[in-house]
Amino acid sequence: MKTDVIRTKYIEFFQRKGHKLFASDSLVPDDPTVLFTSAGMNQFKPYFLGEKNDTDRATSHQKCLRTGDIEEVGKTPFHHTFFEMLGNFSFGDYFKEQAIVLAWEFLTEELKIDKDFLWVSVYKDDDEAYEIWLKKIGILPRRIVRLGEESNFWPARAPSLGPDGPCGPCSEIFYDRGKDKGCQKEECSPACDCGRFVEIWNLVFTQFNRVGENKLEPLPQKNIDTGMGLERMASVLQGKYSNYEIDILAPVVDKVKEKLKIDGNDHAFAGKINAIVDHARAATFSIADGVYPSNEERGYVVRKIIRRALVMAKQLNYSKPLLYSLVDSFVDFMGHVYSEIKEKKDVISKVIKAEEEQFLSIYDEGKSYLIEQINRLKKNQKKVIEASELFKLHDTYGFSLELSKDIAEKNGFLVDEKGFGDLLAEQRNRSRSKSMFDETIFKKDSLVLSEKTEFVGYDEFSAEAEIIRIFESEKEVESVSEKAAATVILDKTPFYAEGGGQRTDTGEISTSTGKFQVVSVLKVADAYFHKGIVTSGKISKGPVSAVIDRNRRQALARAHTATHLLQAALRESLGAHVVQQGSLVDVDRLRFDFTHFKGLTQLELNKIEKTVNALILNPLAVEKTTLTLEQAKSQGALAFFKEKYSDSVRMVSIADCSKELCGGTHLNSTAEVGLFIIVDESSISSGVRRIEAVVGRAAYDHFSKTKNELEEINRVLKSSGSDTVSCLNKILDDYKKEKENNERLNRKLLSQSVSEIIEQSQSIGDNLFLVYRCDGKKYPELLYLSDLLGKKEPQTIVFLYSCVDGKDVFVLSVTEEIVKKGFSCKKFIAACGSRLSLKGGGRDTLVQGVFLAKPDKNFQTELIKMINDFLNQ
């Protein structure tokens, strides 16, 4: 039975049984507690918690991503990072008996699975489930297995280890592949992990609330949460041993074998190939949902998955981009179900390829550096790679801890995982903005927040309010005096709290006894914290007047509305694959990060800038409406995937060109933006670009400065302004001709020094080694001279260095004959550069770079020794 057919049968069966069909949620869940959607139940959390009650039965086919067992992917026939989960759910409606009856009916009547091949497990103390299987379904007692809380309770081991909260026993259904499979022991059952029994469905009976170790209280509403792995069920029904042999994955496996030139019948490398296929699919779906490779959170997971697959490909002697070429295959087999991968397939391929190329370009260099560290530790009789070296590999070469650990273990070494984690945390803490209060201090069992601040700032610039709490140095007080830094909570506020990329409002809170200057505002839970300084008198709890800085608010609104116009222009000019990855809305300045696979040309930037200004000059109303999340999405509103939205959302619309979910402050008309100028475009990570722009007064200042500079250039050139470019071109042409004449003369002088340098050469084995210091020479001259020297002798190693403009630079080159002997300039610098205080890059025959410290009198001796050792290793 085809995988598509199984999926359709499942959904249609449960719809007939009164279940409401929910489309697959994004891999990026609306739940801050998890990075990815890892189970079918994730999107139904509000129903389980009683926050929603518009249906009591649901079914779905959910795309999921889990990396907890990533090391098992490729080692077993069934593990994946990305997979599809079929599920049916009951929120206080039916419970154990009907859940079991429905599951049995679907398996035996819809899928026609022979009952004699089905076994079940129940939680050891769940007599109710046992009796249902035995008496209602009629399964033989020997095919019902009681198991402990580790395998048959959700969460696993919840009764004894926690956490507190909703939990319950599970009942799993297994397919018996036959006595001739697995351990082949007579007593084999689902309790055995030999592989004979395949778990195909898990039924979770959420009926308890844990309130302490082994203390379970009945829940008032009992729920059902089930999950059936689609790929695993397909492998059973298609008679396949592995999930990777089913109809939607086997052709992709064959494609990888073809690219790697591995015989189709050779199963020795099946595990690595399966993992490559799995990881390529995970990356494809993640990028389709807006998660691009990066060094942070979700992006880091995607980067790790891609790089893990590439390492496996390299272990199979394939050193070119590979995963990007599999995207089309996933579109062919799954694009009709998940249209997002079909719509975005081109950009997905390009982003993956860019990430692959980036990693492959530094992999060998990073590995050489790690091997150098291993050899150093061996000499010192140490067996643990230091955290500082692991961090350098992560920060400089992009090596994940897992990759460094893998290489280390293969060489018999351990790694300092804890120390690495500490250094990584320190780096992230340094880059994180500091504030007087951290949201974490207001969590349960710390400072309880029940206050709710009413935000009136969309319509008002001021408000009569009341101070309900005051904090000084993180301690709650009744009042604060002049010059004291403090934070206050108001019951009502016109101040916008920093969020959604927009900077905070500033302003003043005044009372009859004093004034408080607000410098920033933070929202924690439903309370607004106003941070600032008492500028006069004393501030106490009670009535106040709160007034924001109108000029700042208007400048922020100009930048925020312009950001929406910019995204609309980008999507119009570059394509619908443009998705927001981050933003900063400041005073008449903005920064916008978006998905795109290459740098923008000046023509593209000009077109985008022109489009935005056209929307400003042709005034359009900026409308803000409050509606449900589903209504907004149905109207095509864009949502930023890193933001979390409630059921009621605010949509900002600008005619037909822009609709976005946004809680920020905006103008009433695009005309109020004034002027929009792009000042910079750059790359911030693989597949993610950044545009910086100015608007309003900052745009005018930028324009005025540019105009004044142009007038000064015309004055110097004695140009009327109409011929500025032609005057500059003439000057540049004259300069170019003069530069070429100087270079010809310089090369002639360099040629005359070749004989002198060769006379000072030394021999390393049967190789000629030339090391020469020629201060004042720049890279082009060093490269020219090294080329001349290499042509003189077929087996030559050349090292030239120079101090120019206060910086020490070098060129290391070898002839092809030296490379054939196993020497690589690139690998030598990677392995030995740190000890010689050299840093550079290039290829096997040539590297250029800089000195990290001034070369001393022993430098040449050390260099010769290390090159000799490297040649002989």
Scan region 664-681 for residues that are assigned to a loop (DSSP other than H, G, I, E, B) and farther than 22 Å from residue 626 by Cβ and jot them down. 674, 675
Filtering region 686-719 down to residues that are small (Gly, Ala, Ser) and modelled with pLDDT of 95 or more, which residue is surrounded by the fewest Cβ atoms within 10 Å (Cβ to Cβ)? 704
Suppose we filter 270, 250 for residues that are modelled with pLDDT of 95 or more, farther than 25 Å from residue 26 by Cβ and surrounded by fewer than 24 Cβ atoms within 10 Å (Cβ to Cβ); which single one remains? 250
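Sort out which residues of region 464-510 are aliphatic (A, V, I, L, M) and either part of a loop (DSSP other than H, G, I, E, B) or within 16 Å of residue 521 (Cβ to Cβ) (or both), and write them in order of number.
Those that are aliphatic (A, V, I, L, M) and either part of a loop (DSSP other than H, G, I, E, B) or within 16 Å of residue 521 (Cβ to Cβ) (or both): 465, 467, 468, 470, 484, 485, 486, 488, 489, 490, 497, 509.
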Among strands (runs of 3 or more DSSP E) entirely within region 103-208, at least 1 residues that are of a type in the set (D, E, K, R) occur in 144-147, 165-176
List the strands (runs of 3 or more DSSP E) inside region 514-632, counting only whole elements, that have at least 1 residues being touching a residue at least 60 places away in the same chain (Cβ under 8 Å) and among the acidic types (Asp, Glu). 580-586, 589-595
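Could you tell me which of the residues 466, 482, 478, 472 is free of Cβ contacts under 8 Å to residues at least 40 places away in the same chain and either among the aliphatic types (A, V, I, L, M) or surrounded by fewer than 20 Cβ atoms within 10 Å (Cβ to Cβ) (or both)?
Exactly one of 466, 482, 478, 472 is free of Cβ contacts under 8 Å to residues at least 40 places away in the same chain and either among the aliphatic types (A, V, I, L, M) or surrounded by fewer than 20 Cβ atoms within 10 Å (Cβ to Cβ) (or both), namely 472.
Condition check ((1) hydrophobic (A, V, I, L, M, F, W, C); (2) over 16 Å from residue 116 (Cα atoms); (3) open to solvent by less than 40 Å² (accessible area, probe 1.4 Å); (4) modelled with pLDDT of 90 or more) across all residues:
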| position | (1), (2), (3), (4) |
| --- | --- |
| 164 | no, yes, no, no |
| 171 | no, yes, yes, yes |
| 176 | no, no, yes, yes |
| 199 | no, no, no, yes |
| 203 | yes, yes, yes, yes |
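Go through region 722-753 and give me each residue that's open to solvent by less than 40 Å² (accessible area, probe 1.4 Å) and at pLDDT below 85.
Applying the first criterion (open to solvent by less than 40 Å² (accessible area, probe 1.4 Å)) to region 722-753 yields 724, 727, 746, 750, 753.
Result: 746, 750, 753.
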Within the set of pairs 6 or more residues apart or between chains, which connect a residue that is more than 15 Å from residue 424 (Cα to Cα) inside region 386-409 to a residue that is of a type in the set (Gly, Ala, Ser) with Cβ atoms less than 8 Å apart? none
Near pairs, Cβ below 6 angstrom, 6+ apart or cross-chain, from region 663-680 (within 19 Å of residue 652 (Cα to Cα)) to any residue that is buried (at least 20 other Cβ atoms within 10 Å of the Cβ) and among the aromatic types (Phe, Trp, Tyr): 665/496
Residues to consider are 380, 375; find the one that is in contact with a helix residue (DSSP H, G or I) (Cβ under 9 Å, 6 or more places away or on another chain), modelled with pLDDT under 90 and surrounded by fewer than 17 Cβ atoms within 10 Å (Cβ to Cβ). 375
Conditions (1) open to solvent by less than 30 Å² (accessible area, probe 1.4 Å); (2) farther than 21 Å from residue 344 by Cβ; (3) of a type in the set (Ser, Thr, Tyr); number of the one not met by residue 325: (2)
Among the residues of region 556-578, are any more than 28 Å from the chain's Cα centre (by Cα), over 16 Å from residue 679 (Cα atoms) and open to solvent by 10 Å² or more (accessible area, probe 1.4 Å)? yes
Given (1) among the aliphatic types (A, V, I, L, M); (2) in contact with a helix residue (DSSP H, G or I) (Cβ under 7 Å, 6 or more places away or on another chain); (3) open to solvent by less than 70 Å² (accessible area, probe 1.4 Å), identify the lone condition not met by residue 1. (3)
Taking first residues from region 16-35 that are within 14 Å of residue 337 (Cα to Cα) and touching a residue at least 60 places away in the same chain (Cβ under 8 Å) and second residues anywhere that are hydroxyl-bearing (Ser, Thr, Tyr) and part of a loop (DSSP other than H, G, I, E, B), the pairs with Cβ under 8 Å that are 6 or more apart or on different chains are 24/338; 26/37
Note on region 654-675: residues in contact with a Lys or Arg (Cβ under 9 Å, 6 or more places away or on another chain), more than 30 Å from residue 288 (Cα to Cα) and open to solvent by less than 30 Å² (accessible area, probe 1.4 Å) are 667, 673
Residues in region 69-77: is at least one under 30 Å from residue 525 (Cβ atoms), in contact (Cβ under 8 Å) with a residue 24 or more places away in the chain and out of contact with any Leu (no Cβ under 9 Å at 6 or more places or on another chain)? no
Which one is nearest to residue 298 (Cα to Cα), of the residues in region 30-44 that are out of contact with any Lys or Arg (no Cβ under 6 Å at 6 or more places or on another chain) and at pLDDT 85 or above? 36
For residues in region 633-653 being open to solvent by 90 Å² or more (accessible area, probe 1.4 Å) and in a loop (DSSP other than H, G, I, E, B), which is farthest from residue 583 (Cα to Cα)? 635
Test result for residue 729, more than 26 Å from residue 599 (Cβ to Cβ) and of a type outside the set (Asp, Glu): no
Looking at (1) at positive phi; (2) crowded, with 21+ Cβ neighbours inside 10 Å, find the lone condition where residue 344 falls short. (1)
Residues located in region 775-820, provided they are over 29 Å from residue 739 (Cβ atoms) and out of contact with any helix residue (DSSP H, G or I) (no Cβ under 7 Å at 6 or more places or on another chain): 793, 816, 817, 818, 819, 820
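The values are calculated or read from the model by the stated rules, or taken from the named source; none is laboratory data. Because the structure is predicted, anything quoted here is derived from the model rather than measured. Neighbour counts are summed over all protein chains in view; Cβ atoms, including those assigned to glycine, are modelled from backbone coordinates with ideal geometry. Side chains are part of the model used for accessible areas, which takes the heavy atoms of the whole protein and leaves out ligands, DNA and RNA. Shrake-Rupley method; radii C 1.70, N 1.55, O 1.52, S 1.80 Å.
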